[in-house]
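These notes are about the structure you will find just below.
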Amino acid sequence: MKSCVVRKSGWNFEALLFGPFWYLLRGMKEKGLKLLLISIATVGLGIIPVWIYCGYNANREFYYFLKNKGAYIY
C-alpha cells in the first residue's frame, strides 16, 4: 500500500471551488453523488451551503476515507 501525507483538518480551497466534484475526483463517489444530488434537488438553493460544507470537511473526510482503505498515512 502506498504511503501519503494528508491533512486531517483545516480548510480546503480546492474542495470549496469544485464542491462535490472534488469528492468524485478523489474516489469518494458515494459522498460526491449525495452532495451533488442535494445541490440539484434544492433547485440551486443548496449549492452555496454544499460548497462551503465541502471546503470545511473535505480534508477530514478524505483522511478517514484513506484510513479505512488501509493506506499508510503519516
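All of the numbers you see were taken from the coordinates with simple rules; none came from a lab. Values in this document were obtained by computation on a predicted structure and should not be read as measured data. For neighbour counting, all protein chains shown are included, and Cβ atoms are generated from backbone atoms with ideal geometry for every residue, glycine included.
Points worth noting:
- Test result for VAL43, in a helix (DSSP H, G or I), of a type in the set (Val, Ile, Thr) and without any contact (Cβ under 8 Å) to a residue 60 or more places away in the chain: no
- Residue list for the range 48-72, restricted to those being surrounded by fewer than 16 Cβ atoms within 10 Å (Cβ to Cβ) and among the hydrophobic types (A, V, I, L, M, F, W, C): ILE48, ILE52, ALA71
- When the range 4-24 is filtered for residues that are more than 10 Å from the chain's Cα centre (by Cα), of a type in the set (A, V, I, L, M) and closer than 17 Å to PHE65 by Cα, the ones remaining, listed by number, are VAL5, VAL6.
- Here the condition is being more than 18 Å from TRP11 (Cα to Cα) and assigned to a helix (DSSP H, G or I); of ASN57, ASN68, it holds for ASN68 alone.
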